[in-house]
Amino acid sequence: MDLRKLKKSRAAHRVFAKRLVEQGNALYGKDASEREEFEAQELLGALEDKMSRLQEVDNNIESLMADSEEYDENNLLQELEECAELSRKMNKVIMRLKSLVDDDCASTASSSTTVKKVHARLPKLEVKRFSGAICEWQEFWDSFESAVHSNDDLGDVDKFNYLRGLLQDSAKAAIAGFSLTSNNYKEAVELLKRRYGKKEVVQRAHMDGLLNAAPVFSDKDMARLRTFCDLVETHFRGLEALKMDSSTYSCIVVPALMEKLPETLRLTLTRGQKFLEWSIGDFVEKLRAEVELRENHKLGSSSSRNHRLRGGEKTMASGSVLVTN
């Protein structure tokens, strides 16, 4: 990469970024009645895109300067300070614009219910965020598809804005290069589906989750036992949703899961049972029932103990009064 060309490119990006910052600050100072529809959301998308692009260019320049003998520590420090200052200003405006978008959503939710075509001014969506965990993709996509993707009242740009706002970590980075356009929304969705939605990849992730479940070392460790039970059931239900026949993997998974349990608990689960013929569904059912039974017993014992303690305290209090009198 040519450092001179990179700096020239960044200078142009910075000029545009500063204009966006000025527009954002001006918009933040306006009353809601003075703002145009979608104005805050569109400006927010443009700022986030520009910030992402600038960060990429800054990183490349910093790397080249660090390797070059022409630049000393002072040059690099000045470079970092300039980048940090502009980032601070952009972040401040981004937060302000996000508050405007949230205000628009809230005011729309409480306003008249007259039927008309709406776009970005919807109530705040309660869709779980997606950070790139393959096992969580289908749940995220089903929720997003129902709330946003299949909503004919929303344009593709609005859908893209919602999508980017709900992605985190590696999933967000996967579509970071797409600018906010209708065509890019379709491309971004297809990219995410290719990366996280392949049936075989999701199946493998669920299988790995089962085989790599953290073992339980004591049958008295109810917290770890509950976590183990929930994790196994989650992955099992995920494989069921993918229509994977449990008979194809139960003979491998069930013995592996059994080995992760304390011996005393294994004996309790399998006593009087034809456990060698268990499917993963049978194992989950037996384990869940045993965990719930132990939790209920522990809860009952705790309540009884507290009741006895309170009774003892009353007796002691009564005895002290008699002695005093």
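Points to keep in mind about this one:
- Highlighted here are the helices (runs of 4 or more DSSP H) found entirely within the stretch 149-216 that include at least 1 residues which are within 22 Å of GLU39 (Cα to Cα): 156-166, 182-196.
- Hits in the stretch 124-142 - residues which are in a helix (DSSP H, G or I) and closer than 17 Å to ALA188 by Cα: ILE134, TRP137, GLN138, PHE140, TRP141, ASP142
- Residues located in the stretch 269-293, provided they are in a helix (DSSP H, G or I), open to solvent by 30 Å² or more (accessible area, probe 1.4 Å) and without any contact (Cβ under 8 Å) to a residue 40 or more places away in the chain: PHE275, LEU276, GLU277, ASP282, GLU285, LYS286, ALA289, GLU290, GLU292, LEU293
- Filter result for SER146 (without any contact (Cβ under 8 Å) to a residue 24 or more places away in the chain, of a type in the set (Ser, Thr, Tyr), assigned to a helix (DSSP H, G or I) and open to solvent by 70 Å² or more (accessible area, probe 1.4 Å)): yes
- Top-ranked residue of the stretch 228-282 - restricted to ones that are of a type in the set (Lys, Arg) and under 20 Å from GLU200 (Cβ atoms), ranked as modelled with the highest pLDDT: ARG237
- All of (1) among the charged types (D, E, K, R); (2) open to solvent by 60 Å² or more (accessible area, probe 1.4 Å); (3) assigned to a helix (DSSP H, G or I) hold for LYS220 with one exception: (3).
- Restricting PHE160, PHE140 to residues that are of a type in the set (Phe, Trp, Tyr) and within 30 Å of ASP208 (Cβ to Cβ) narrows the list to PHE140.
- Residues in the stretch 158-209 that are among the β-branched types (Val, Ile, Thr) and over 26 Å from THR234 (Cβ atoms) were compared, and the one that is most open to solvent (accessible area, probe 1.4 Å) is THR181.
- In the stretch 190-215, the residues that are within 19 Å of SER131 (Cβ to Cβ) and hydrophobic (A, V, I, L, M, F, W, C): LEU191, LEU192, VAL201, VAL202, ALA205
- Subset tally (residues that are of a type in the set (A, V, I, L, M), over 31 Å from the mean Cα position of the chain (by Cα) and open to solvent by less than 100 Å² (accessible area, probe 1.4 Å)) for the stretch 1-31: 6
- Residue match in the stretch 37-60 (condition: open to solvent by 40 Å² or more (accessible area, probe 1.4 Å), farther than 27 Å from VAL157 by Cα, part of a loop (DSSP other than H, G, I, E, B) and free of Cβ contacts under 8 Å to residues at least 40 places away in the same chain): no
- Looking only at residues in the stretch 1-36 that are of a type in the set (Gly, Ala, Ser) and assigned to a helix (DSSP H, G or I), the one that is farthest from MET65 (Cα to Cα) is SER33.
- Conditions (1) open to solvent by less than 80 Å² (accessible area, probe 1.4 Å); (2) at pLDDT below 80; (3) not in a loop (DSSP other than H, G, I, E, B): number failed by LEU97: (2)
- Qualifying residue in the stretch 223-232 (condition: touching a Pro at 6+ places or on another chain (Cβ under 9 Å) and either closer than 26 Å to ALA174 by Cβ or open to solvent by 20 Å² or more (accessible area, probe 1.4 Å) (or both)): yes
The values are calculated or read from the model by the stated rules, or taken from the named source; none is laboratory data. Computed from a predicted model, the values in this text were never measured in an experiment. We place every Cβ from the backbone using ideal geometry, glycine too, and count neighbours over all the protein chains shown. Surface areas here come from the heavy atoms of the whole protein model, side chains and all, with no ligands, DNA or RNA. Shrake-Rupley method; radii C 1.70, N 1.55, O 1.52, S 1.80 Å.
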